[in-house]
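Okay, structure first, notes after.
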Ligand SMILES: Nc1ncnc2c1ncn2[C@@H]1O[C@H](COP(=O)(O)OP(=O)(O)O)[C@@H](O)[C@H]1O
Ligand SMILES: [Mg+2]
């Protein structure tokens, strides 16, 4: 993989909640344009790992870099100290996140949800931001819902607005945390289709999902997490034809 | 002709409908003391609520002690202490003079109110889904910006109803500052009473308080209905929202549509 531009680099990431060690040394590298699917049983630390990547959770040890910049910390001598709030906020503009429960801003229209970040955080000119947001909303099939509030949108529509909201920041990387788990079957297809398109267009994505069809179609690499560790990593073919690890086999046999 | 309760309708009529011009000065004092104290109380309550949620422990302690003291002691005692323990300036804004006692009264009422507002504001912030802060941070907002633009506007719909009740209380509580010599509505009634010994001055001032709180009830209902409309997420223009606020049926009809 030499020569490829590394977008996300995680090295021996450890994270505990009190006594519970949730991440026990995660290392992962994602290159530009790659789509990584993270699979694994519930409670294995997938969400926690994603949240560490944009520093919604502090890590206990290890390091995470995005576009070569250390996330959440500054190097001081041989120690890492937490970075300033302003710097962390600036780093997050490079890391989009799509949540299982959408988390749209309910007091803002679909359009305002998408323009909020560009206007308030990136200081983009309002007219420009609105044009861009309309373009993104029509891309996710919601051109006619521009002025609708989230409360009036279905789950699938809300999640598509959330994807547009993430895209509007032009991030280097988008994190998807079970983006389709809260949706009904038809909506799942719509959202996965959009995610698949993004993957093909070269967006760099880390996707936590239980949708094995999506992993097979869209992933460049699949990563299996279990009990706070990455236990197996490989191409979709490797995973779905000949997984090595017993726990992976067990997990896949349950889910497929 | 001596009934047990003698109501002098003439005095009431005169005091309510044709009050002396001095009365309007005292009405104004009651109004501005209420509004400034409530506004400052909201601000203090917000600061105390944010301090209460701070990662910095001493701020949490300060917030806790503040509420403990000011909710645990009589507001009248607070008013007296603040007035007599410090020296307050008299402020002049053109024709409008705010005497030192009124300043002290406003300070005392504001600090007292802040202690109650802290709980109300905290409950409002707590009512907002935690995912909102995370989503705001994910688009690069700082804590302060997320609070201002995402969390507090949503907390408002939980904060506004009890805040309205607080203001209703505030308008009545301002009568206590008469005890430190502020010439407000109640002081006017009291002064007339001690001159003429006619209790109906108190009845007349009660009618005035009732008018103030009643007007406020309408304003409060209007604000709450507006918030409820925007919460339902209707695609209404500002004008439609105004209309909907006055006529709940229209907003229900719209709210039913897909
Ligand atoms: N904020 C938290 N405080 C305490 N424990 C947590 C917290 N978040 C997650 N956990 C625990 O960490 C473990 C991993 O959770 P999570 O990362 O959500 O797993 P996954 O997304 O793979 O299902 C679980 O046991 C969960 O209960
Ligand atoms: Mg999870």
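Values as computed for the structure displayed
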read-out	value
Every residue from region B:50-80 that is in a helix (DSSP H, G or I) and closer than 11 Å to residue B:115 by Cβ	B:63, B:64, B:65, B:66, B:67, B:68, B:69, B:70, B:71, B:72, B:75, B:78
Residue match in region A:71-80 (condition: crowded, with 18+ Cβ neighbours inside 10 Å, more than 14 Å from chain B (Cβ to nearest Cβ) and within 13 Å of ligand 1 (Cβ to nearest atom))	no
Which listed residue is touching a helix residue (DSSP H, G or I) at 6+ places or on another chain (Cβ under 7 Å) and under 23 Å from residue B:208 (Cβ atoms), from B:140, B:105	B:105
Selection within region B:131-169 - without any contact (Cβ under 8 Å) to a residue 12 or more places away in the chain, facing another protein chain (nearest Cβ under 9 Å) and out of contact with any strand residue (DSSP E or B) (no Cβ under 7 Å at 6 or more places or on another chain)	B:131, B:134, B:137, B:139, B:140, B:141, B:142, B:143, B:144, B:145, B:153
Test result for residue A:105, modelled with pLDDT of 95 or more, crowded, with 16+ Cβ neighbours inside 10 Å and within 16 Å of ligand 1 (Cβ to nearest atom)	no
Selection from region A:40-68 of residues that are within 15 Å of residue A:12 (Cα to Cα), without any contact (Cβ under 8 Å) to a residue 60 or more places away in the chain and within 9 Å of ligand 2 (Cβ to nearest atom)	A:48
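Yes/no matrix, rows are residues, columns are (1) farther than 24 Å from residue A:10 by Cα; (2) away from ligand 1 (no atom under 16 Å from the Cβ):
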site	(1), (2)
A:173	no, yes
A:177	no, no
A:186	yes, yes
A:191	yes, yes
A:202	no, yes
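The values are calculated or read from the model by the stated rules, or taken from the named source; none is laboratory data. Remember, it's a predicted structure, so these values are computed and weren't measured experimentally. Because the Cβ atoms are built from the backbone with ideal geometry, glycine has one as well, and the counts that use them run over all protein chains shown.
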